[in-house]
Amino acid sequence: MRIPSLIIVFCLFVGCDSRIETFEPNEVFSLALAKARSTSTDLASQDTSRVVEDLYGTPDEPRWPESPAAKKAVVDERNLFRASGPVSSEKDGTHVGLFREHCVTCHALEGSGAGPASVFQDPYPRDFRHGVFKWKSTERGKKPTHRDIRELLTKGIPGTAMPSFALLAPEDLDALVDYVVFLSTRGEVERRVTAAAIDELDYGDTAPIAELILSSQGDTEGGQVVQELVDRVHEDWAEAEQYEVAVPSFPELSGEQLVASVARGKEFFHGKVANCAGCHGPAGDGSLPTLDYDDWTKDYTTRIGLTPDDREAMKPFRKAGALRPRTIAPRTLRDGVFHGGGDSASLYRRITQGIAGTPMPAVEVVAEPNGKGLTTGQIWDLVRYVQQLSTSQ
Amino acid sequence: MSWAGWLLSIYFVGTAIKVVERNMASESTLAEQKASGQLVHRLCLLLVCLVWPLIWVGGLVTTYDAGMAVPDWPGTYGYNLFLYPYKTWLLGPFDLFIEHGHRLLGAVVGLVAISLVISAHFKESRRWVFVLTLGLLVAVITQGLLGGLRVVLGDRTLAMVHGCFGPAFFALCAATAVITSRRWNEYLGRQGVIRVGSGLVMLFAAIPALSYTQLVLGAQLRHVQPNASPGIFAMIVATHVIMAFLLWFLTAVAWLKIRRCGDLTLSRPAGLLIGLVAVQIALGVGTWVVNYGWPSILAWVPGSAGFLVRAKGFSDSIIVTSHVATGSLILAVSVVVWIRLLRVRHCCKGTIDPAATEREDADSSPKNEQKTNVSLLEPVIA
């Protein structure tokens, strides 16, 4: 009896952690949606939160939806348990609460990328809720595979704040990968459901008829819409592997052949088709002045007709939790640092897919030189030129 | 947020300071000059020597998030703390190794604190010093409870309070060691070399005050809540950085003021503080970098563009932990200098004719020194 009362006295006196009951709703998105559709999204976002919590649980007790389609996305619920909740550890040394131990200060509880320590980072930590990832082996518009995320966690992203977690136990990494998929899925469903409430279900300043109310059960129309969206997002994750970009074998060249290939690569670099120099600069040092933003920022700025550096217009979004919009600049290719890996396969994928979520465009792969794309051989020329640039300083 | 926790530490330290100040003044006139027993002082030194490593290990526990490696308390997995099989401890997981080690060391500190109180009871003639040692014991028990509750409740806020209270306790140990030292009495015989005005005392009080504030700010960053706002975090970072340079500036000014005082027990640690704060600033930058990569304002540093943060790297965690430990060291050293300065000031007040002190430039007046010595010794002889 004595110890509990002692604890209560202490908590009153010293103050304890604030309890984390729920995931915060995606207010930035609701606001952007309200602006885009010129309507109130309050009701829609309220009901979305309720439905999403039914489906995916809370930060302490995550859940994975039961439907057959949802089940396809391979997320192990035991992993969700290990990665979620407050930091703690068990007798054998295994940690639980991994996400809060390793990721939350940057990526935030919801995976919004606006964690406590995010402000000074450039690029900002990823907002997982868009379901868009930069560094992956799959096609631009597709989800990354579990293997991609796992590799990313081991390697980290040099030159950004994203750490390498190579020293973590393999099971910890698996758990974290699943949790990233969980947060991303949950966040994307949340976005889609809110949008569908406005666009398909008559949500607005007033609530729609009962049939259209958002629900986590599939009987009503509101329930079916939710179910479809859940299935769709889960399926996207489940089929990611099928969209892995196959990389043709990379012919190792040396001597004159290499010199010639690099020279051709240089031409493509400056040429009309790839026109890398147009953004990365003729010298490839990223020194051309550009003014652009990534898709995570555009989502609540240019896409809804707002200027990111208009402070007044940004105020409500900043209040809702958005970080200050930050421009994205083409990288220098001369410092030997490639955020997504500098090996030939990674560069091939970067060139042929572009970088999802960023202005970096893709070069089309063509069978015969036709002035619209590059052939595989030509892309390898370009890769060799870029690799050579990166080592020449 | 737990400002109450901060207040708790301030209250503790504040009370201790008041006790010291009040008694220092009376003591110098009463000529209650029996030195504390050697044993008392030695135990204090032992405490200081144990508590700094304790802070290191405690810092490591946080850096490795090992705080919850042993989920029960006061026992360890049902064992009595001291009876936990040492083989499992030494050969088990690293988390368990440091967490259990931290508890063991903490318990040893507690035992030393108990012996200190006992020896002070028998050997210490100044009652207020005995009370001070009692205060130390209460503090160490409080700290143990805080640590235990942190584990039982799995609470980050308590972890932060525990982390802030530790350095305060360390500083208090250092202060007690100074007060029980033989030199403490020798100050009486050495007065007049410098004149310690209230401005100087304030300046030297500002250093521990500022460094403790820094410590608390740092703890807020280190024990940040998962749902803390990025704006507030950024504000704390900015304050922490600005105050670091302010503190550095203050230590330089303070050292300039007393560098020629002729008393090495003052000028040396004051000089040391400048160096420690410099090291601390470097460690602070390092701590940021190993946690969050190079910030944009330091993008000119060669190699920063390709820097890769490595979570839980050993050398990285040493950098972070030494930032924590150096913070406590700065606090303790600045408290030591300040307490000694207070001592000098109070000895002067009690014994020197104020008019005489004002007339002469105390800095370079051997005559004055002699005179003081005589007048100081008078009551003793009488």
Exercise. Is it the case that some residue within region A:84-94 is within 20 Å of A:Glu235 (Cα to Cα) and either away from chain B (no Cβ under 14 Å) or free of Cβ contacts under 8 Å to residues at least 12 places away in the same chain (or both)?
Worked result: no
Problem set entry | Among the candidates B:Val289, B:Val301, B:Val241, residue that is over 19 Å from the mean Cα position of the chain (by Cα) and not in a helix (DSSP H, G or I) | B:Val301
Problem set entry | Identity of the residue in region A:133-162, within 14 Å of chain B (Cβ to nearest Cβ) and hydroxyl-bearing (Ser, Thr, Tyr), that ends up farthest from B:Phe307 (Cα to Cα) | A:Thr154
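Can you work out which of the residues in region B:251-265 that are open to solvent by 70 Å² or more (accessible area, probe 1.4 Å) and among the aliphatic types (A, V, I, L, M) is farthest from the chain's Cα centre (by Cα)?
Per the stated criteria, the residue is B:Leu256.
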For this session: Quick one: A:Gly113 ticks every box in (1) surrounded by 23 or more Cβ atoms within 10 Å (Cβ to Cβ); (2) within 14 Å of chain B (Cβ to nearest Cβ) except a single one, so which number is it?
Result: (1)
Exercise. Can you tell me how many residues in region A:380-393 are free of Cβ contacts under 8 Å to residues at least 60 places away in the same chain and open to solvent by less than 20 Å² (accessible area, probe 1.4 Å)?
Worked result: 1
For this session: Consider A:Asp202 carefully, then state whether it is open to solvent by 60 Å² or more (accessible area, probe 1.4 Å), without any contact (Cβ under 8 Å) to a residue 12 or more places away in the chain, out of contact with any Asp or Glu (no Cβ under 8 Å at 6 or more places or on another chain) and closer than 20 Å to A:Ser30 by Cα.
Result: yes
Exercise. In region A:163-173, how many are open to solvent by 30 Å² or more (accessible area, probe 1.4 Å) and either among the charged types (D, E, K, R) or at the interface with chain B (Cβ under 10 Å from one of its Cβ atoms) (or both)?
Worked result: 3
Seminar exercise, completed: Residues of region B:119-143 being open to solvent by 10 Å² or more (accessible area, probe 1.4 Å) and either of a type in the set (A, V, I, L, M) or within 13 Å of chain A (Cβ to nearest Cβ) (or both), in sequence order, are B:Val131, B:Leu132, B:Leu134, B:Leu137, B:Val138, B:Val140, B:Ile141, B:Thr142, B:Gln143
For this session: Consider A:Asp219 carefully, then state whether it is open to solvent by 10 Å² or more (accessible area, probe 1.4 Å), part of a loop (DSSP other than H, G, I, E, B) and not aromatic (Phe, Trp, Tyr).
Result: yes
Seminar exercise, completed: Subset of region B:304-315, residues open to solvent by 30 Å² or more (accessible area, probe 1.4 Å) and under 30 Å from the mean Cα position of the chain (by Cα), comes to B:Lys312, B:Phe314, B:Ser315
For this session: Say whether the condition of being open to solvent by 20 Å² or more (accessible area, probe 1.4 Å) and within 14 Å of another protein chain (Cβ to nearest Cβ) is met by at least one residue in region A:37-58.
Result: yes
Problem set entry | Given (1) under 19 Å from A:Thr105 (Cβ atoms); (2) small (Gly, Ala, Ser); (3) not in a helix (DSSP H, G or I), number of the condition A:Gly141 does not satisfy | (1)
For this session: Sort out which residues of region A:323-365 are open to solvent by 40 Å² or more (accessible area, probe 1.4 Å) and not in a loop (DSSP other than H, G, I, E, B), and write them in order of number.
Result: A:Arg349, A:Val365
Exercise. A:Ala197 versus (1) under 20 Å from A:Asn26 (Cα atoms); (2) free of Cβ contacts under 8 Å to residues at least 60 places away in the same chain; (3) among the hydrophobic types (A, V, I, L, M, F, W, C): which is the lone unmet condition?
Worked result: (2)
For this session: Residue by residue through region A:242-266, note down the ones that are charged (D, E, K, R), loosely packed, with under 15 Cβ neighbours inside 10 Å and either touching a strand residue (DSSP E or B) at 6+ places or on another chain (Cβ under 8 Å) or assigned to a helix (DSSP H, G or I) (or both).
Result: A:Glu256
Seminar exercise, completed: Across (1) outside any helix (DSSP H, G or I); (2) at pLDDT 95 or above, A:Ala196 clears everything bar (1)
Exercise. Within region B:268-286, is even one residue within 30 Å of A:Asp285 (Cα to Cα) and either open to solvent by less than 40 Å² (accessible area, probe 1.4 Å) or within 14 Å of chain A (Cβ to nearest Cβ) (or both)?
Worked result: yes
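The values are calculated or read from the model by the stated rules, or taken from the named source; none is laboratory data. The structure displayed is predicted, hence computed values, not measured ones. Cβ atoms come from the backbone with ideal geometry, glycine included; neighbour counts cover every protein chain shown. These accessible areas exclude ligands, DNA and RNA; they are computed on the full protein's heavy atoms, side chains included. Shrake-Rupley method; radii C 1.70, N 1.55, O 1.52, S 1.80 Å.
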